[in-house]
Structure formats: structure tokens, C-alpha cells
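Single-structure report; data block below.
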Amino acid sequence: MNNKNIKPSISINLRKPVIRISKDTLTSIGNPEYVLFLVNPKDCSLGILPSDKNDVKAHHLSRYSNRKSLELHSKALIENLRKLCPSWESTGTYKMEGYYTDNPNIIKFNMEEAVELRGINEKTV
């Protein structure tokens, strides 16, 4: 799809641990049933792309209704992301805006540019 007007975003709540993926992010990669997260420790980035049930590393996404985001619970993934970002507070929630790569089905997030959400309703991603 890759609509340049869509602003993909993702937030990571370290306390719960929950990853919230905005509807815009999922729409921009075709509303997949499964997604795969790619972590690049060299440039401290996180990529998200559509996948399928045959990939053992893929995360199944349950359908959302009228919410602005979808929640994904993965303690192991969040712990790995936290190791890459030692400045993140263990009880914090961090939001990242994504950008399109050369591959139209991959959204990339720079974890070094994450903004901590304080006093904001984080469920709106």
C-alpha cells in the first residue's frame, strides 16, 4: 500500500510489557494477520513487515475494533529492545514514528529517536 500520507507509529510500554501498533502502521503494510519484527542492533532500529503463520518468529495479530491501535504482548521482544536502549526507563512508554524503506512492505523505526510518553493516554499511540 505505502501511502505516504499515513504516519506509521508504534509505542513500547516497558512496564506492562506491551507493544502498541497504530492502525496507520498496519494499514500501510496491508493489514496483515501476522507481522515480523526485525531488530537491527547496529543502527538501533526496529522494522515491521507482514508475515504469515508459517514463520515461527511471526506474531499473530488479533483483530481490533474501533481502537486506534493493536496491542501485542511480548516480554522477550521488549526485553531485547530495552537492552539496545539502556536509557529507556524500565517503567516508561516510548513512542516512535516510522518511515518507509525501499521495500514498500517494511516500516522502520529508529529507537534512538523514541520519545517518552508522560501523562499522555498512551493507548492512542
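The values are calculated or read from the model by the stated rules, or taken from the named source; none is laboratory data. These numbers come from a predicted model, not from an experiment. We place every Cβ from the backbone using ideal geometry, glycine too, and count neighbours over all the protein chains shown.
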Mind counting the residues in the stretch 77-105 that are modelled with pLDDT of 90 or more, outside any strand (DSSP E or B) and charged (D, E, K, R)? 4
Cβ-Cβ under 9 Å pairs, at least 6 apart or on other chains, the stretch 79-95 side among the β-branched types (Val, Ile, Thr), far side surrounded by fewer than 15 Cβ atoms within 10 Å (Cβ to Cβ): THR91/ARG15; THR93/ARG15; THR93/GLU116; THR93/ARG118; THR93/ILE120
If you check SER51 against the conditions, is it crowded, with 17+ Cβ neighbours inside 10 Å and over 13 Å from the mean Cα position of the chain (by Cα)? yes
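Need a quick list: strands (runs of 3 or more DSSP E) entirely within the stretch 4-76 having at least 3 residues that are closer than 13 Å to GLU97 by Cα.
Filter on the stretch 4-76 gives 9-13, 18-22, 45-51.
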